[in-house]
Amino acid sequence: MELRGERVLLRSTVPADTPVLDAIVREPEVALWWPPPEDYAAMLAVVVDGEVIGAIQFSEETDPEFRHAGIDLFLSARWRGQGLGPDAVRTLARWLIAERGHHRLVIDPAAANTAAIRSYRKVGFAPVGIMRAYWRNHRTGAWEDGLLMDLLAAELS
């Protein structure tokens, strides 16, 4: 699969991406929020100018009564602040809405991850509420709060 944004290309990962993504997820700024995954096969590589700069993934709830999709993203710290996170999220969101038929998307950053929250707001995601003791911090083992954010198809910017 390949999806093109303004500056990013989202494409299926290949085995050669694993060492690059492993290095990114171990960067201190990324490791705060992401444990190293066991496998990158379910993710899409985020590529800029031919360089893999991170990964994005989605999940889908297919029960017709609760149908929606979720998104998760990580980018190398050296590429942050350039609008690439919102570009990647917006690109995947457009595909989930137009091609997969979702009317609602969710994203759930750590409540303390203000940079991610700011990025997701740029795409149109709005806070729904705090999910208390939502995720286990892989570094400390402590349960930490998450922020549930959602976006309706008509709100995508």
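Readers should treat all values here as calculations from the given coordinates under stated rules, not as data from a laboratory. Since this is a predicted model, take the numbers as computed values, not measurements. Cβ sites come from the backbone with ideal geometry, for glycine too, and all protein chains shown count toward neighbours.
Taking the Cβ of Met43 as the center, what net charge do the other residues with Cβ under 11 Å away carry, scoring Lys and Arg +1 and Asp and Glu -1? Display every interim value, and only then the final one.
Details: positive: Arg11; negative: Asp17, Asp39, Asp72.
Around Met43, the charge tally is -2.
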Quiz item: When Phe125, Phe66 are ordered from fewest to most other Cβ atoms inside 10 Å of their Cβ, what list results?
Solution: Phe66, Phe125
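Give, in nm to one decimal, the length gained when the segment between Trp143 and Ala16 is fully stretched (0.36 nm per residue of separation minus the Cα-Cα distance). Provide the component values of the computation, followed by the final result.
Details: separation 127, 0.36 × 127 = 45.72 nm, distance 3.38 nm.
Between Trp143 and Ala16, full extension yields an extra 42.3 nm.
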Exercise. Specify the residue with the greatest mean-square fluctuation among Gly146, Gly85, Gly54, computed from a Gaussian network of the chain linking alpha-carbon atoms under 10 Å apart.
Key: Gly146
Practice problem: Give me the percent of DSSP beta bridges within region 47-113 that run antiparallel, rounded to the nearest 5. | Solution: 75 percent
Self-check item: Whole-Hz ³J(HN,Hα) from phi, Karplus 6.51 cos²θ - 1.76 cosθ + 1.60, for region 45-57, glycine and proline x
Solution: 6, 9, 10, 10, 6, x, 9, 6, 10, x, 8, 9, 9
Exercise. Divide by every residue of the chain the summed helix terms, -39500 (n - 2.57) for each DSSP H run of at least 4, and state the resulting mean residue ellipticity at 222 nm, rounded to the nearest 500 deg cm²/dmol.
Key: -6500 deg cm²/dmol
Quiz item: Which helices, counted as full DSSP H runs in the chain, have an axial Cα extent of no less than 15 Å and a Kyte-Doolittle average of -1.0 or above?
Solution: 84-98
Quiz item: Can you list the residues of region 97-112 with backbone N under 18 Å from a point 7 Å past the Cα of Leu3, pointing along Cα to Cβ?
Solution: 97-109
